[in-house]
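Asks: Have a look at this one.
Every number in this text was worked out from the coordinates using simple rules, so none of it is lab data. Quantities reported herein were computed from a predicted structural model and do not represent experimental measurements. FYI the Cβ positions are ideal-geometry reconstructions off the backbone, even for glycines, and counts take in every protein chain you see.
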Amino acid sequence: MRIRVLFFGVLRDIAGHPEESLEIAEGSRLESVFEHYANRFPRLRGMAASVVLALNHEFSTPSAPLAEGDEVALLPPVSGGSSPYIHEISDSDTGNFFALTRHPIDSGGIGRRLLRGEDGAIVNFEGVARNNTKGRATRYLEYECYEQMAVKKMAQIGREIAGGMPIGRIAMVHRLGRIEIGEASVAVVVTAPHRKPAFDAALEGINRLKRLVPVWKKEYFVDGEVWVEGEWDDTVVRARG
């Protein structure tokens, strides 16, 4: 059976046109239409939590059944929404994703954004705030960074890894601001046909991120606070040799 599908706002830009006619199987439900386009346009899958579905001019649930001649609309947030990311780079051709956020990192959602049918492994590394440093009790952490440079550098690192290892896609997301104990400050998510390259790429990603991305951590203790010093990668030129 055939239905009409409409796209609005940013979703129209993603799809490349305002509407199209879609042939679907008898007994299909509304959710199958979303899945069809999420598979065609990976960026749409990453927006799943903010997209609303309408059926014949009424808001509808994903489980609603479809019939011949139905009109389905995919609707972004009416005011443009509020992305959880303050800076992001999304590679539409490869599916790689790099971002900064001040919200809790949704690693599961990022993984679903990256995963494809040909992938046999997904590795999610998260760096989390622990409750002590060398026995000194930690209350919380704060992160700040040179935002525009940081997200560009993450993208550079991720693209180099994806280009040099047999993986599917890679994402790097770093959180800024206050991080409570047990919360993730950074995530590196990798999908691949096989597990070893996925593990290797995630490890390489976090190691390079720690040495090359301009992000700084301040640790707050019961009796004071301190900026945590690390080391730049050897390839980075210093202000004075």
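Asks: What ³J(HN,Hα) values, in whole Hz, does the Karplus curve 6.51 cos²θ - 1.76 cosθ + 1.60 give for region 95-107 when θ = phi - 60°, with x put for Gly and Pro?
Replies: Values per residue, Gly and Pro as x: x, 5, 8, 9, 7, 10, 8, 10, 10, x, 6, 9, 5 Hz.
Asks: How big, in percent, is the set of alpha carbon pairs in the chain lying more than 30 Å apart? If you can, show how the numbers build up before the last one.
Replies: Details: 11039 of 28920 pairs.
Within the chain, distances greater than 30 Å cover 38 percent of Cα pairs.
Asks: Let me ask something else. For residue 20 and residue 68 in the same chain, what is the full-extension length gain: residue separation times 0.36 nm, less their Cα-Cα distance, in nm?
Replies: Result for the pair: 15.8 nm of gain on full extension.
Asks: In nm, give the distance between the simple-model label positions of residue 196 and residue 210, each being 7 Å from the Cα along the Cα-to-Cβ direction.
Replies: 2.4 nm
Asks: Something else about it: Grab the beta carbon distance between residue 156 and residue 88, set R0 = 22 Å, and tell me the FRET efficiency rounded to 0.05. Can you show the working numbers first?
Replies: Numbers: r = 15 Å, r/R0 = 0.66.
About 0.90, to the nearest 0.05.
Asks: Gain in length, residue 229 to residue 103, computed as 0.36 nm per residue apart minus the alpha-carbon separation, to one decimal in nm?
Replies: That works out to 42.9 nm of additional length.
Asks: If each of residue 10 and residue 39 carries a label point 7 Å out from its Cα toward its Cβ, how far apart are those two points in nm?
Replies: Here the modelled spin labels are 2.5 nm apart.
Asks: Per residue of region 172-186, what does 6.51 cos²θ - 1.76 cosθ + 1.60 with θ = phi - 60° give for ³J(HN,Hα)? Whole Hz please, x for Gly and Pro, Karplus curve as stated.
Replies: Each residue's phi maps through the Karplus curve to give 10, 9, 10, 8, 10, x, 7, 10, 7, 4, x, 8, 7, 9, 8 Hz.
Asks: For the pair residue 203 and residue 181, what calculated FRET efficiency results from E = 1/(1 + (r/R0)^6), where r is the Cβ-Cβ distance and R0 = 30 Å, to the nearest 0.05?
Replies: That pair, residue 181 with residue 203, gives E of 0.80.
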